[in-house]
Amino acid sequence: MKYFLHDSERKNTICHEFQKGKFDGHTFWKSDSISLSDDLVVTLGIDKLFRDVIPNYNSYDDFEIDNELWNNIMLKAQEIGGEVLTCISEADEWAKNTFLEYDVFTIMQP
């Protein structure tokens, strides 16, 4: 992956973790999570994309993303195009596989 990291590749905790299922309130950096560095979230404008699509988005909180909301994120990324679309598309297969097992995944910055 070019943008997202698996837990074993992550070198610091200044990342946005995409965690399968609902956040249990205390477990971070699960082995099946993917992470996106905070620098990339800001540099690429992923934070703006999330603010446009996720109600009450705040990068310091956790947000549950269901299939419908993920589809809206993908649509907005397609609208924007470029590196934003490339980045978000990279997580699409992970998200689709997650929805086979869970109703949601959680985006958080631990």
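The values are calculated or read from the model by the stated rules, or taken from the named source; none is laboratory data. Quick caveat: nothing in here was measured; it's all calculated off a predicted structure. Please note: Cβ atoms are built from the backbone with ideal geometry, for glycine as well, and neighbour counts cover all protein chains shown. Remember, those area values only see protein heavy atoms, side chains included, never the ligands or the DNA or RNA. Shrake-Rupley method; radii C 1.70, N 1.55, O 1.52, S 1.80 Å.
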### Query
For Leu49, all conditions in the list (1) open to solvent by less than 30 Å² (accessible area, probe 1.4 Å); (2) in contact with a Pro (Cβ under 9 Å, 6 or more places away or on another chain) hold save one; what is the number of the exception?
(2)
### Query
From the set of residues in the range 78-102 that are in contact (Cβ under 8 Å) with a residue 40 or more places away in the chain and open to solvent by 50 Å² or more (accessible area, probe 1.4 Å), which is farthest from the chain's Cα centre (by Cα)?
Glu101
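This table checks each residue for (1) of a type in the set (S, T, N, Q); (2) closer than 16 Å to Pro110 by Cβ; (3) free of Cβ contacts under 8 Å to residues at least 40 places away in the same chain.
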site	(1), (2), (3)
His16	no, yes, no
Gln19	yes, yes, no
Lys22	no, yes, no
Asp38	no, yes, no
Ile46	no, no, no
Val53	no, no, yes
Phe63	no, yes, no
Ile73	no, no, yes
### Task
Scan the range 1-22 for residues that are of a type outside the set (Lys, Arg), modelled with pLDDT under 80 and either surrounded by 13 or more Cβ atoms within 10 Å (Cβ to Cβ) or in a loop (DSSP other than H, G, I, E, B) (or both) and jot them down.
Asp7, Asn12, Thr13
### Query
Given Val84, Val42, which one is closer than 21 Å to Lys2 by Cβ and touching a Gly at 6+ places or on another chain (Cβ under 9 Å)?
Val84
